Amino acid sequence: MKQLLAALCLCSVAAVAHAEISQKFGPLEIHYNALTTDELLPDVARTYKIERSKTRGLLTISVLKRNNVGVASPVPAKISVYATNLSQQLANIEMREVKEGNAIYYLGEFRVTPPDTLKFNATVEVTGEPKRELVFNQQFFK
């Protein structure tokens, strides 16, 4: 995860439009990011078996839950995502869980043809918490 997060941070510095975003829902904090896979370092892409391309996108989601004293820890979640482009074409994004040590995060790949803006609709379910809905847009540039 350190490699992936480092790569995503580097990508965020290089392209501010791809900064990681988070939303809080009570004790849950959901972090998400979407970018084209050509922005990943080759070693990171190889490690996670991700094809680097300007027409492939990568969505990352992680879910943290704060305990009674405010310490956030990663928690497993059931995540379903679909995206809609400007032409209103709908695509389901299959998310795969990655566990590294205590870290848990979810990766999903999708097709994108820059320039385009995708609207992502994600449902996040964590045991013992209400189902959460995220809706966000991400612009992709050439």
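The values are calculated or read from the model by the stated rules, or taken from the named source; none is laboratory data. This structure is a prediction, so every number in the text was calculated from the model and none was measured. Don't worry about glycine lacking a Cβ; one is built from the backbone with ideal geometry, like all the others, and counts go over all protein chains shown.
Looking across the range 111-124, just one residue is more than 15 Å from residue 32 (Cβ to Cβ), part of a strand (DSSP E or B) and in contact (Cβ under 8 Å) with a residue 40 or more places away in the chain, and that is 111. When you check residue 82 against the structure, is it farther than 21 Å from residue 127 by Cβ, in a strand (DSSP E or B) and not hydrophobic (A, V, I, L, M, F, W, C), yes or no? In short, yes.
Rundown of residues vs (1) touching a residue at least 12 places away in the same chain (Cβ under 8 Å); (2) out of contact with any Phe, Trp or Tyr (no Cβ under 9 Å at 6 or more places or on another chain); (3) polar (S, T, N, Q), yes/no style:
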| residue | (1), (2), (3) |
| --- | --- |
| 37 | yes, yes, yes |
| 89 | no, yes, yes |
| 97 | yes, no, no |
| 109 | yes, yes, no |
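Of the candidates 128, 108, the single residue that is part of a loop (DSSP other than H, G, I, E, B) and under 26 Å from residue 73 (Cβ atoms) is 128. Select from the range 46-59 the residues that are under 30 Å from residue 27 (Cα atoms) and either in contact with an Asp or Glu (Cβ under 8 Å, 6 or more places away or on another chain) or free of Cβ contacts under 8 Å to residues at least 24 places away in the same chain (or both) and list them in ascending order. Residues satisfying the conditions are 57, 58, 59. Any residue in the range 109-126 that is in contact with a helix residue (DSSP H, G or I) (Cβ under 9 Å, 6 or more places away or on another chain), of a type in the set (Gly, Ala, Ser) and either modelled with pLDDT of 95 or more or at positive phi (or both)? Looking for residues that are in contact with a helix residue (DSSP H, G or I) (Cβ under 9 Å, 6 or more places away or on another chain), of a type in the set (Gly, Ala, Ser) and either modelled with pLDDT of 95 or more or at positive phi (or both), one finds none in the range 109-126, hence no. Taken over the range 47-66, the residue count meeting the criterion of being in a strand (DSSP E or B) and more than 13 Å from the chain's Cα centre (by Cα) is 4.
A quick yes/no check of all residues on (1) surrounded by fewer than 18 Cβ atoms within 10 Å (Cβ to Cβ); (2) farther than 21 Å from residue 30 by Cα:
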position: 44; (1), (2): no, yes
position: 66; (1), (2): yes, no
position: 78; (1), (2): yes, no
position: 86; (1), (2): yes, yes
position: 89; (1), (2): yes, yes
position: 99; (1), (2): yes, no
position: 109; (1), (2): no, no
position: 121; (1), (2): yes, no
